[in-house]
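Reading through the structure tokens given below for one structure.
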Amino acid sequence: MITFFAAVAQGLEELLAAELKGLGLESVSVERGGCVFTSDLSGAYRACLWSRLAARILLPLARFDADDDDALYAGTQTIAWSDHLSAEHSLAVAFSGIRPRLTHSRFAEQRIKDAIVDQMRDAQGLRPSVDLRNPDIRIQAHQTERQVTLSLDLSGDPLHRRGYREAG
């Protein structure tokens, strides 16, 4: 079983927990801003497809302390990024926080991106590109005080935008 995080607007966590349980997901627990649940990958995709409340479904990859950008870079490099993307993929990084030590979110996003592409370039001689509008892989970083959680965003665009302005 894998642990996932379903993000939701604050105040809707209990409703999301009930919805996720109704989708057959296990070990659902409420946290600030969402719910943690365990499932296989098909359960996470089921949440992406059928949740009416979740904004995003995240797969946490690592948690580490980061007081500065060097620690953020080093913590990001502990993940084997080639397990999740290749040089042919594009990526985008988003950073948010609650009382974060790293207060400039764009700089933090840049440091995370640098750590990923540097690791891949060193290992393969090639690096993924950055596409902020339509990336193949979205990485979500969240810092609460010192602790940073890096996650893969399984949702792509926020889930409330499903079907928004589809060509038809």
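Tabulated results
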| quantity | calculated |
| --- | --- |
| Solvent-accessible surface ranking, highest first, for His104, His84 at 1.4 angstrom | His104, His84 |
| Contact order relative to length of the chain, as percent, for alpha carbon pairs under 8 angstrom and 6 or more apart | 24 |
| Interchain or long-range residues, amide H under 5 Å from Ser96's placed H | Ala141, His142, Gln143 |
| Dimensionless Rg/Rh of the range 44-142 - Kirkwood Rh, Rg from C-alpha atoms | 0.98 |
| Carbon and sulfur %, accessible surface of the chain computed with the full protein complex present, 1.4 Å | 48 |
| Kirkwood estimate for the range 82-121, i.e. one over the average of 1/r between Cα atoms, Å | 11.3 |
| Accessible area (Å², per residue) of the chain, counting only protein heavy atoms and a probe of 1.4 Å | 55 |
| Cα coordinate range in the chain, projected on the principal axes (Å, largest first) | 45, 42, 31 |
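The values are calculated or read from the model by the stated rules, or taken from the named source; none is laboratory data. As the structure is a prediction and not an experimental result, all values here were calculated from the model. Each accessible area value is taken on the protein alone, full model and side chains, heavy atoms only, with ligands, DNA and RNA left out. Shrake-Rupley method; radii C 1.70, N 1.55, O 1.52, S 1.80 Å.
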